[in-house]
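Undergrad: Supplied in structure tokens, the structure appears directly below.
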Amino acid sequence: MYIEIPKIAGKLENVTVSEGQEAKFVLKIAGGKPKPTVKWFKEEEEIVTTTVEVYEVVEIEDTVTLIIKSAKPEHAGNYYAQLINEAGQVNC
């Protein structure tokens, strides 16, 4: 079986929204075999999407989006994604 380390197209863009608005971080997967798993982090803490009232992750084909449903000041910070498969991992 052929394996390939995950690849990201571009980088995450900075997002600025007003309180109460939706904030979206969009990640485009450019490669990786098998298809990589995506984990999202705020600072060094993994975001658990079971907190559906705050976060939602939408995956459509090779695009994965982290949505903060109603932004509040405490949501400010550094966000990043980690793509993982059998060949390795990459952070964005």
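The values are calculated or read from the model by the stated rules, or taken from the named source; none is laboratory data. These numbers were taken from a predicted model, which means no experiment stands behind them. Note that each Cβ is placed from the backbone with ideal geometry, even for glycine, and that neighbours are counted across all protein chains shown. To get the accessible areas, we keep the full protein, side chains included, count just its heavy atoms, and leave off ligands, DNA and RNA. Shrake-Rupley method; radii C 1.70, N 1.55, O 1.52, S 1.80 Å.
Undergrad: Quick one: how many residues across region 65-92 are within 14 Å of the chain's Cα centre (by Cα) and in a strand (DSSP E or B)?
TA: Qualifying residue count for the region: 13.
Undergrad: Select, from Lys35, Lys11, Lys28, the only residue that is touching a Gly at 6+ places or on another chain (Cβ under 9 Å), touching a residue at least 24 places away in the same chain (Cβ under 8 Å) and open to solvent by 80 Å² or more (accessible area, probe 1.4 Å). Steps first, please.
TA: Details: Lys35 fails: touching a Gly at 6+ places or on another chain (Cβ under 9 Å); Lys11 fails: touching a Gly at 6+ places or on another chain (Cβ under 9 Å).
From the options Lys35, Lys11, Lys28, the qualifying one is Lys28.
Undergrad: Hey, among Glu13, Glu19, which residue is modelled with pLDDT under 95, outside any strand (DSSP E or B) and among the acidic types (Asp, Glu)?
TA: Details: Glu19 fails: modelled with pLDDT under 95.
One residue alone meets the criteria, Glu13.
Undergrad: Answer with yes or no whether Glu4 is at pLDDT 95 or above and either among the β-branched types (Val, Ile, Thr) or open to solvent by less than 50 Å² (accessible area, probe 1.4 Å) (or both).
TA: Values: at pLDDT 95 or above: yes; either among the β-branched types (Val, Ile, Thr) or open to solvent by less than 50 Å² (accessible area, probe 1.4 Å) (or both): yes.
Here the answer is yes, as Glu4 does meet what is asked.
Undergrad: Okay, next question. Picking from Glu59, Glu86, Glu74, which residue would you name as being among the charged types (D, E, K, R) and exposed (fewer than 10 other Cβ atoms within 10 Å of the Cβ)? Write out each step before concluding.
TA: Working: Glu59 fails: exposed (fewer than 10 other Cβ atoms within 10 Å of the Cβ); Glu86 fails: exposed (fewer than 10 other Cβ atoms within 10 Å of the Cβ).
Matching residue, one of Glu59, Glu86, Glu74: Glu74.
Undergrad: So, of the residues in region 41-56 that are loosely packed, with under 12 Cβ neighbours inside 10 Å and part of a strand (DSSP E or B), which turns out to be nearest to the chain's Cα centre (by Cα)?
TA: Taking region 41-56 and keeping what is loosely packed, with under 12 Cβ neighbours inside 10 Å, we get 43-46, 48, 50-53.
Narrowing the set further to residues that are part of a strand (DSSP E or B) leaves 45-46.
Details: Glu45: 13, Glu46: 10 Å.
So, considering only residues that are loosely packed, with under 12 Cβ neighbours inside 10 Å and part of a strand (DSSP E or B), the one nearest to the chain's Cα centre (by Cα) is Glu46.
Undergrad: Now for a different question. Please determine whether any residue of region 52-62 is in contact (Cβ under 8 Å) with a residue 24 or more places away in the chain and not hydroxyl-bearing (Ser, Thr, Tyr). Working first, answer last.
TA: Taking region 52-62 and keeping what is in contact (Cβ under 8 Å) with a residue 24 or more places away in the chain, we get 62.
From what's left, not hydroxyl-bearing (Ser, Thr, Tyr): 62.
There is at least one residue in region 52-62 that is in contact (Cβ under 8 Å) with a residue 24 or more places away in the chain and not hydroxyl-bearing (Ser, Thr, Tyr).
Undergrad: For region 36-73, which residues satisfy the criterion of being charged (D, E, K, R) and farther than 18 Å from Lys24 by Cβ? I'd like the intermediate steps shown before the answer.
TA: Of all residues in region 36-73, those charged (D, E, K, R) come to 39, 42-46, 53, 56, 59, 61-62, 69, 72.
Hits for region 36-73 are Glu43, Glu44, Glu45, Glu46.
Undergrad: Let me ask something else. For region 52-65, check the following and say yes or no: at least one residue is at pLDDT 95 or above, of a type in the set (Ser, Thr, Tyr) and within 26 Å of Ala76 (Cα to Cα).
TA: There is at least one residue in region 52-65 that is at pLDDT 95 or above, of a type in the set (Ser, Thr, Tyr) and within 26 Å of Ala76 (Cα to Cα).
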